[in-house]
1. Inside the range A:351-365, can you point out the residues that are surrounded by fewer than 24 Cβ atoms within 10 Å (Cβ to Cβ) and on the phi < 0 side of the Ramachandran plot?
2. Would you check if B:Ile90 is away from chain A (no Cβ under 14 Å), within 30 Å of A:Ile134 (Cβ to Cβ) and either surrounded by 10 or more Cβ atoms within 10 Å (Cβ to Cβ) or in contact with a helix residue (DSSP H, G or I) (Cβ under 8 Å, 6 or more places away or on another chain) (or both)?
3. Any chance you could count how many residues in the range A:482-511 are among the acidic types (Asp, Glu) and away from chain B (no Cβ under 12 Å)?
4. Those residues that are among the basic types (Lys, Arg) and surrounded by fewer than 15 Cβ atoms within 10 Å (Cβ to Cβ), I need them from the range B:57-82; list them, please.
5. Could you tell me whether the range A:322-339 includes any residue that is in contact (Cβ under 8 Å) with a residue 60 or more places away in the chain, in a loop (DSSP other than H, G, I, E, B), hydroxyl-bearing (Ser, Thr, Tyr) and within 14 Å of A:Tyr182 (Cα to Cα)?
6. Considering only the range A:532-549, I want to know if a residue exists there that is closer than 28 Å to B:Thr69 by Cβ, away from chain B (no Cβ under 14 Å) and in contact (Cβ under 8 Å) with a residue 24 or more places away in the chain.
7. Please give the number of the condition A:Glu187 fails out of (1) surrounded by 18 or more Cβ atoms within 10 Å (Cβ to Cβ); (2) assigned to a loop (DSSP other than H, G, I, E, B); (3) within 27 Å of the chain's Cα centre (by Cα).
Amino acid sequence: MTESATSKLLNGDICHRTSNGKKASKNGFVKDHSLFEQPQKYRRPRDKNQNVPHNSSLYKKPFVESFEETPLWVAVLTYMGYGILTIFGYLRDFLRHWNIEKCHVARERDEQKDFVPLYQDFENFYTRNLYMRIRDNWNRPICSVPGAKVDLVERVTRDYNWTFEHTGKVVKDVINMGSYNYLGFAENTGACADAALEVTKMYGAGVGSTRCEMGNLDIHEEMEQLVARFLGVESAMAFGMGFATNSMNIPALMGKGCLILSDELNHTSLVLGARLSGSTIRVFKHNNMQSLEKLLRDAIVHGQPRTHRPWKKILIVVEGIYSMEGSIVRLPEVIALKKRYKAYLYLDEAHSIGALGPNGRGVVDYFGLDSKDVDIMMGTFTKSFGAAGGYIGGKKELIDYLRRHSHSAMYATSMSPPVAQQIITSMKIIMGEDGTTLGADRLRQLSQNTTYFRRRLHEMGFIIYGNEDSPVVPLMLYMPAKIGAFGREMLKRNIGTVVVGFPATPIIESRARFCVSAAHTREMLDTALEAISEVGDLLQLKYSRREQPLPSLGWMSEESLLQD
Amino acid sequence: MAGTEVRPSQRLPPCLLCKDCFLFLCVNKHRPMHRSSRTLHLRDLRARMNFKNLREYLAWLYYQYLLITGIYVLEPWEKSIFNSILFSAIAMVVYTSYVFVPIHVRLALEFFLGIFGGQLESTMALMT
């Protein structure tokens with residue numbers, strides 16, 4: 001693998017020198033040796049797709065991502081909508097301040113008026129005045145297993161979403177397009193559930209200690225060995241919570257004097273872990289290899305800020321699939337850069353493990369690369385395995401070090417036994433070691449569902465972000481009122497969706513995020529797609545300005561087309 | 001799909017589908033259509049909702065206005081305030097234009113006719 005990588009690097013170098021026009025000069029001037037730096041080319045103004053891979057020799061299959069640009073009139077109207085809502089927000093705040101209307105937000109008591117203020121009113125302006133008005137789209141209570149279909153508790157509000165009441169009724173069989181259930185392991189029947197039941201009878205539900213003290217069960221050891229075998233690494237370690245895996249382990253690995261290069265759109269847990277570690281953080285543009293290479297070169301050439309000493313470690317932090325964009329990391333190029341500039345790579349496969357790749361082994365499997373190239377492979381069990389928790393995999397020395405020095409290993413309660421058993425059973429199913437073809441069937445079903453869903457949405461004329469193979473499908477809504485309207489209209493048609501707005505996304509790019517699952521049958525997807533199309537017409541969401549292939553004109557004969 | 005390709009050189013009658021669609025959906029109004037714009041139009045037509053009567057259509061237009069301005073999320077009394085302010089602003093614009101536009105147009109016409117009329121007179125004087 002290293003040989004082929006080197007040869008690719010050499011080929012890349014040679015190609016670049018000839019394309020840049022910089023010939024080897026005889027008098028020893030410094031040549032431009034960068035791998036991926038390109039001269040500025042004219043880009044088609046339609047797409048924000050400036051990350052076209054120029055090194056397609058590193059990719060075995062075509063890497064197609066699209067982030068269609070926001071139409072100008074949509075952006076203008078979105079800003080106008082936010083402006084109007086801001087004015088009304090000020091009006092309502094004024095009324096609340098002068099007690100003309102009842103204030104539901106936390107306020108200080110009259111006796112504390114002269115103290116230092118406890119609640120900073122303006123920070124919650126957005127929450128009070130926009131989020132509260134459409135709050136019924138989030139935190140919907142679920143009362144069944146979140147599989148392909150789910151039951152929701154019906155609730156009503158009498159004071160415009162400040163308080164909710166349960167009517168006592170249940171909305172049954174809502175098609176679930178929001179749960180991270182990529183391989184359909186969120187189920188209460190089947191091999192996983194039975195095995196978890198057996199284990200609960202043996203060990204109980206709680207552990208009552210941390211891993212360091214008395215909480216290390218044999219089931220944890222078995223699970224960690226299985227995870228290591230699944231990923232193809234020497235050793236792995238599991239934690240009780242995925243968020244805590246990132247935020248507690250990055251501080252154990254990095255410290256002052258180290259450099260973290262993190263992607264623009266990394267998850268909050270990675271950002272929190274990076275900040276807690278105390279190292280210098282530099283951000284590169286999302287999935288942009290030229291930006292990353294520039295940062296690496298600057299870091300190596302200039303060193304630490306004032307002293308210019310070399311950095312102790314450089315860590316590149318990327319995710320496998322970015323859940324808000326649906327984009328997949330350009331792993332071959334990142335690994336080529338990492339080897340060239342001798343940095344370390346931390347890959348967070350929260351959404352991609354189990355969901356990508358022909359064998360379900362994640363984004364490394366998807367690109368056909370060697371898992372030994374990634375120094376720290378992190379992932380979660382929440383999404384594809386139907387359990388909870390996270391893991392870190394890598395070399396044996398790394399994992400042994402983490403066992404002693406990670407906060408999460410030493411102080412957090414260890415994983416509950418039925419959850420660990422769920423992981424073991426589901427992983428064995430995916431690997432095919434349980435003797436059935438269930439794992440392979442589910443993987444195939446997921447990729448078929450993904451392709452079908454994305455293709456149909458694209459044909460309908462919606463703006464969809466992300467890579468063609470990613471099961472996370474963001475559909476752009478843009479306007480603030482459409483966020484609330486979309487969620488409510490979809491629920492009326494018995495489909496549960498997740499809508500996202502600011503601050504999880506940029507202010508004008510609010511979206512609805514669909515998570516395709518292997519548990520969805522073709523009929524369910526068709527029902528969902530019909531409803532999405534209907535709501536898209538009702539709300540006028542079909543913004544895409546791409547050229548579509550001409551549809552079959554069965555409904556309109558050729559003769560009528562050519563008549564006057 | 002052989003019969004369905006439309007070559008750009010083939011002149012189509014202007015917006016042959018206009019009589020079927022509402023004006024606001026008509027993206028390319030009266031130009032000969034190239035393939036890309038025709039597919040857009042076809043998709044708009046396919047995407048068209050079925051309105052049984054004018055009332056339903058007007059209700060849908062009002063819904064679009066609520067969504068685009070963001071008023072949809074507000075409480076009813078806030079909606080009324082915004083609608084009344086907007087309506088009175090538009091009414092004032094209409095009234096002002098009704099009163100003043102004819103006067104301004106007449107003055108402008110007199111001004112320009114004065115210039116060109118004077119030019120014509122002076123050239124006539126030179127020629128004779």
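The values are calculated or read from the model by the stated rules, or taken from the named source; none is laboratory data. Here the structure is a predicted model, which means the values were calculated and not measured. All Cβ positions, glycine included, derive from the backbone under ideal geometry; neighbour counts span all protein chains shown.
1. A:Pro358, A:Asn359, A:Arg361, A:Asp365
2. Here the answer is yes, as B:Ile90 does meet what is asked.
3. Selection size over the range A:482-511: 1.
4. none
5. yes
6. no
7. So the condition that A:Glu187 fails would be (1).
The rows are residues; the columns are (1) closer than 30 Å to B:Glu75 by Cβ; (2) among the small types (Gly, Ala, Ser).
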position	(1), (2)
A:Gln448	no, no
A:Tyr465	no, no
A:Val472	no, no
A:Ala481	yes, yes
A:Met490	yes, no
A:Ile508	yes, no
A:Arg513	yes, no
A:Thr527	no, no
